[in-house]
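Nothing in this text is a laboratory measurement; each read-out follows from the coordinates by a stated rule. Everything numeric in this text was worked out from a predicted model, so none of it was measured. Don't worry about glycine lacking a Cβ; one is built from the backbone with ideal geometry, like all the others, and counts go over all protein chains shown.
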Amino acid sequence: MVALPLLVVVSGPPGSGTTTLAHALARAIPCPAISRDEIKEGLVHTEIEYTPAPGDALTYRTLDTFFGLVHFLVDAGVTLVAEASFQHHLWEPGLSPLLDSARVRIVHCRLDAAVARERIAKRADETASRRAVHGDYSLLEPFDSWKLKFESFDPIALPVPSIQVDTTDGYDPPIEEIVAFVNR
């Protein structure tokens, strides 16, 4: 008898540390980590010319590729960590069909809006190629309007075990407790 694969979903608003935590969990479990942003970055390399824009065609292609890969790996029996700063309306249709095929666990990243904004700005400044792929248009908004959007982030809500992780300064609870939670 073969157990269902584990699918660890790491999500949270932009700047909340989802990618960093996803890779740390994947190393600790161990298993592959699939990142929406990393897929988009790889797809941009196949484009002759690309200018990031909210809701552009490549964004939809990235979404299809991300969920296609997650489904492919789960169907193959592979345990994995899937990471994206998607809100519920994007996660739910991609994950609901997998609820009978995988042991799904959700890890919600959270932190203060000011810290998230600072992380996004630092990442954009340090990595010019990141801005070329993702645009980081949110940095052009005044902080108060950006904060309202950040605070209205609609986290994924499925009938599976979930855990809240404060990523402000490391992980609370610590990574060992998160791994123990996802492995239950």
task: Take every Cα pair under 8 Å in the chain that's 6+ residues apart, average their separations, divide by the length, and report that relative contact order as a whole percent.
output: 36
field: Net charge contributed by nearby residues that have their C-beta within less than 14 Å of residue 11 (K/R +1, D/E -1)
entry: -1
task: Using R₀ = 41 Å, calculate the FRET efficiency as 1/(1 + (r/R₀)^6) where r is the Cβ-Cβ separation of residue 60 and residue 123; round to 0.05.
output: 0.95
- prompt: Taking 0.36 nm per intervening residue step and subtracting the Cα-Cα distance, what contour gain separates residue 172 from residue 23 on full extension?
  reply: 52.0 nm
field: Alpha-carbon centroid distance for the pair the stretch 26-64 / the stretch 72-98, whole angstrom
entry: 14
field: GNM result for the chain, Cα springs below 10 Å: residue of 72, 150, 86 fluctuating most strongly
entry: 72
query: Counting only residues 5 or more places away or on other chains, whose amide H sits under 5 Å from the amide H of residue 6 once H atoms are built in the peptide plane?
result: 79, 80, 103
- request: Mind giving me the nanometre distance, one decimal, between the label points for residue 112 and residue 76, set 7 Å out from Cα along Cα→Cβ?
  value: 4.3
message: For the chain, take the longest principal axis of its alpha carbons; what is the angle in degrees between that and the long axis of helix 57-75, to the nearest 10 within 0 to 90?
response: 10
field: Cβ-Cβ FRET estimate between residue 147 and residue 101, R0 fixed at 45 Å, reported to 0.05
entry: 0.75
- prompt: Quick one: if the Förster radius is 22 Å, what FRET efficiency do residue 43 and residue 154 give, using the C-beta to C-beta distance and rounding to 0.05?
  reply: 0.30
